[in-house]
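The structure appears right after this line, and notes come after that.
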Amino acid sequence: MSILHTTFFFLSPLVKGVHRSSFKVILKSKMVKICCIGAGYVGGPTMAVIALKCPSIEVAVVDISKSRIAAWNSDQLPIYEPGLDGVVKQCRGKNLFFSTDVEKHVFEADIVFVSVNTPTKTQGLGAGKAADLTYWESAARMIADVSKSDKIVVEKSTVPVKTAEAIEKILTHNSRGIKFQILSNPEFLAEGTAIQDLFNPDRVLIGGRETPEGQKAIEALKNVYSHWVPEERILTTNLWSAELSKLAANAFLAQRISSVNAMSALCEATGANVQQVSYSVGTDSRIGPKFLNASVGFGGSCFQKDILNLVYICECNGLPEVAEYWKQVIKINDYQKSRFVNRVVSSMFNTVSNKKIAILGFAFKKDTGDTRETPAIDVCKGLLGDKANLSIYDPQVTEDQIQRDLSMNKFDWDHPIHLQPTSPTTVKKVSVVWDAYEATKDAHGICILTEWDEFKTLDYQKIYDNMQKPAFVFDGRNIVDADKLREIGFIVYSIGKPLDPWLKDMPAVA
Ligand SMILES: NC(=O)C1=CN([C@@H]2O[C@H](COP(=O)(O)OP(=O)(O)OC[C@H]3O[C@@H](n4cnc5c(N)ncnc54)[C@H](O)[C@@H]3O)[C@@H](O)[C@H]2O)C=CC1
Ligand SMILES: O=C(O)[C@H]1O[C@H](OP(=O)(O)OP(=O)(O)OC[C@H]2O[C@@H](n3ccc(=O)[nH]c3=O)[C@H](O)[C@@H]2O)[C@H](O)[C@@H](O)[C@@H]1O
């Protein structure tokens, strides 16, 4: 009996209904093993939740990075994600293992998830747009090399549509008679809420070949998720629909943010309030209220990368108009970041040269230490371009990471830290501190770039007293009570809100 077949029976939640002889097969069959290649923001939390929800499955998460695996095996996990510690502690050493012995665990696995990074290419054909599939290809070649039994290979990484076809070719050309079934099972979790997203997903999407073997593989994976995800939320499609749905979902989400950010510029020009506009628009049940917060721009490792990838795929498929449409989402995001920088500089007498500017928040959103593509990088670089002195505070981002981010070229920061240069150049004029009060002491202005809850409850009177005057607050996340701050004496800029008279006289030119 092939492993795909064994897996299918063993995982079936209908196990109680299986007749005696099949049950013997189940008892005889070994414990099902899952291996996930890539112990990052997706691989780590996703596999920890599978291990927690499926005690009968053994899950190994493997990575080429020794330091990352060591951290997963320690008390200081390599990523900050609320609730993750608890899940890992419950399963680690029981049915959840983290290891650098990639080949051993792939060899033993029935189902191999591939959750390696797929950053934007920085060189060669498609540079600046296409996904870099180097990591994926090397993982696929390794799977083909070490496998001695049939396996289901699951695309967990976000990949260009039709990647499964390329992966299939790599696997089958090197397979020596072993059968592989490729599934696409993109991940929709958001950082900061990964555990709750994984516990209670809107949907799990599984795409596979429309052959009997493909359908059997889909069933096997479906049976893993059905340990905790209701049947109606597990969607199955063909491979290409699953791959494209992931890119489409991220493009739609990012498009909403660019739409509201575009409106925020118009609000500032007209005296409308973007929060009131978002609320009014979002109460239409066809539009819905979520993801309509104006901001200094979206960040994160995926929105920009996935849209650029989508643009590239459209161009390669002879669809320049469609490519141009999606490109605008990125252009508005870049416009929003430079508009913010211009607003800061123009408000402060058209120069920030040698002025201390406090940066509160560097992560791309709250509740994560991840800085990939964070708008803070572009804003800080913009201010440094005008010769500002920056004092940066973020509760979860280290000095080393901030210095790396500010000294690296675009897209290089998308690679995991252990694949980046070992000694980052220190950017002069940037200091990183571990306290918001220290960051703002003697500063001329404050830029709030991440919506950390603690920034809402700072003692702004104390901060004001210790700052240069006039003291400015530029709230890129609309989290402070602007009226209260104005009462204290601050000049306040809130994205998309009616402008202070001071700011009105100094319009930002984007
Ligand atoms: N970060 C997020 O919230 C989400 C990310 N995704 C997608 O998931 C994929 C992974 O993203 P992250 O987990 O954020 O990336 P990551 O960079 O945090 O982790 C990827 C890991 O793969 C490892 N790796 C690379 N090549 C390897 C190989 N050949 N063998 C073993 N390990 C290898 C790297 O060392 C790294 O630790 C990407 O395609 C991303 O677009 C999808 C949904 C959410
Ligand atoms: O493929 C991915 O990597 C993931 O990308 C996003 O998740 P993530 O980037 O972790 O975080 P989001 O909550 O989507 O925020 C992305 C950026 O948009 C910004 N944002 C979000 C919402 C909003 O209303 N306004 C806004 O500016 C955030 O501050 C952040 O910078 C998607 O939400 C996930 O579904 C997807 O799986």
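The values are calculated or read from the model by the stated rules, or taken from the named source; none is laboratory data. No experiment lies behind these values; they were computed from the predicted model shown. Cβ atoms come from the backbone with ideal geometry, glycine included; neighbour counts cover every protein chain shown.
Among the residues of segment 348-356, are any closer than 14 Å to VAL296 by Cβ and either over 18 Å from the mean Cα position of the chain (by Cα) or assigned to a helix (DSSP H, G or I) (or both)? Write out each step before concluding.
Taking segment 348-356 and keeping what is closer than 14 Å to VAL296 by Cβ, we get none.
No, segment 348-356 has no match at all.
Checking VAL274, VAL329 one by one, the residue that is within 16 Å of ligand 2 (Cβ to nearest atom), under 19 Å from the mean Cα position of the chain (by Cα) and at pLDDT 95 or above is VAL329 and no other. If the condition is being within 16 Å of ligand 2 (Cβ to nearest atom) and out of contact with any strand residue (DSSP E or B) (no Cβ under 7 Å at 6 or more places or on another chain), then segment 138-183 contributes THR158, VAL161. Residues of segment 306-319 that are under 25 Å from the mean Cα position of the chain (by Cα) and farther than 10 Å from ILE330 by Cα: ASP306, ASN309, LEU310, VAL311, TYR312, ILE313, CYS314, GLU315. The criterion of at least 1 residues that are free of Cβ contacts under 8 Å to residues at least 60 places away in the same chain is met, among strands (runs of 3 or more DSSP E) falling completely within segment 47-154, by 57-62, 96-99.
Restricted to helices (runs of 4 or more DSSP H) entirely inside segment 183-296, those with at least 2 residues that are surrounded by 19 or more Cβ atoms within 10 Å (Cβ to Cβ) and away from ligand 1 (no atom under 15 Å from the Cβ) are 212-225, 239-270, 274-282.
Mind listing just one residue for me: the one in segment 88-129 that is of a type in the set (Gly, Ala, Ser) and crowded, with 20+ Cβ neighbours inside 10 Å and, of those, farthest from CYS35 (Cα to Cα)?
Top of the filtered list is SER115.
Considering only residues in segment 297-322 that are out of contact with any Phe, Trp or Tyr (no Cβ under 8 Å at 6 or more places or on another chain) and more than 16 Å from ligand 1 (Cβ to nearest atom), the one that is nearest to ILE479 (Cα to Cα) turns out to be VAL322. Taking the numbered list (1) crowded, with 20+ Cβ neighbours inside 10 Å; (2) more than 21 Å from ALA248 (Cβ to Cβ) in turn, ILE178 passes all entries but (1).
Okay, residues lined up against (1) away from ligand 2 (no atom under 11 Å from the Cβ); (2) closer than 24 Å to TRP326 by Cα; (3) free of Cβ contacts under 8 Å to residues at least 40 places away in the same chain:
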{"site": "ILE195", "(1), (2), (3)": "yes, no, no"}
{"site": "ASN200", "(1), (2), (3)": "yes, no, yes"}
{"site": "PRO212", "(1), (2), (3)": "yes, no, yes"}
{"site": "LYS216", "(1), (2), (3)": "yes, no, no"}
{"site": "VAL224", "(1), (2), (3)": "yes, no, no"}
{"site": "ARG233", "(1), (2), (3)": "yes, no, yes"}
{"site": "ASN250", "(1), (2), (3)": "no, yes, no"}
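Against the list (1) more than 30 Å from VAL154 (Cα to Cα); (2) in contact with a helix residue (DSSP H, G or I) (Cβ under 6 Å, 6 or more places away or on another chain), the condition GLN275 fails is (2).
From ALA443, ALA471, which residue is touching a Lys or Arg at 6+ places or on another chain (Cβ under 9 Å), buried (at least 16 other Cβ atoms within 10 Å of the Cβ) and under 25 Å from ASN350 (Cβ atoms)? Before the answer, list the steps.
Working: ALA471 fails: touching a Lys or Arg at 6+ places or on another chain (Cβ under 9 Å).
Sole residue among the options that is touching a Lys or Arg at 6+ places or on another chain (Cβ under 9 Å), buried (at least 16 other Cβ atoms within 10 Å of the Cβ) and under 25 Å from ASN350 (Cβ atoms): ALA443.
The set of residues from segment 173-182 being within 16 Å of ligand 1 (Cβ to nearest atom) and either modelled with pLDDT of 95 or more or closer than 18 Å to ASP85 by Cα (or both) comprises just one member, ILE182. Confirm whether ILE37 is away from ligand 1 (no atom under 16 Å from the Cβ), within 22 Å of VAL146 (Cα to Cα) and at pLDDT 95 or above. The answer is no for ILE37. Residues in segment 151-162: is at least one more than 14 Å from ligand 1 (Cβ to nearest atom), modelled with pLDDT under 95 and not small (Gly, Ala, Ser)? Looking through segment 151-162, at least one residue is more than 14 Å from ligand 1 (Cβ to nearest atom), modelled with pLDDT under 95 and not small (Gly, Ala, Ser). List pairs: first residue in segment 305-331 and farther than 15 Å from ALA127 by Cβ, second residue away from ligand 1 (no atom under 16 Å from the Cβ) and acidic (Asp, Glu) anywhere in the structure, Cβ distance under 8 angstrom, at least six positions apart or on different chains. Hits for this filter: ALA323/GLU315. Can we say ARG343 is under 21 Å from GLY445 (Cβ atoms), touching a residue at least 12 places away in the same chain (Cβ under 8 Å) and away from ligand 2 (no atom under 16 Å from the Cβ)? The answer is yes for ARG343.
Being modelled with pLDDT of 95 or more, under 20 Å from PRO119 (Cα atoms) and out of contact with any Ser or Thr (no Cβ under 6 Å at 6 or more places or on another chain), is that true of even one residue in segment 200-222? No.
Matching residues to (1) more than 16 Å from ligand 1 (Cβ to nearest atom); (2) at pLDDT below 95; (3) not aromatic (Phe, Trp, Tyr):
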position	(1), (2), (3)
TYR41	no, no, no
ALA71	no, no, yes
TYR80	no, yes, no
PHE97	no, no, no
SER115	no, no, yes
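The residue of segment 361-401 that is nearest to ligand 1 (Cβ to nearest atom), among those that are more than 21 Å from VAL480 (Cα to Cα), in a loop (DSSP other than H, G, I, E, B) and of a type in the set (A, V, I, L, M), is VAL397. If we keep just the residues of segment 346-398 that are of a type in the set (D, E, K, R) and away from ligand 2 (no atom under 14 Å from the Cβ), which is farthest from HIS444 (Cα to Cα)? In this case the residue turns out to be LYS381.
Among the residues of segment 493-502, write down those that are hydrophobic (A, V, I, L, M, F, W, C) and closer than 15 Å to VAL274 by Cβ. Break it down stepwise before answering.
As a first pass, look at segment 493-502 and keep what is hydrophobic (A, V, I, L, M, F, W, C): 495, 499, 502.
ILE495, LEU499 - these are the residues of segment 493-502 that are hydrophobic (A, V, I, L, M, F, W, C) and closer than 15 Å to VAL274 by Cβ.
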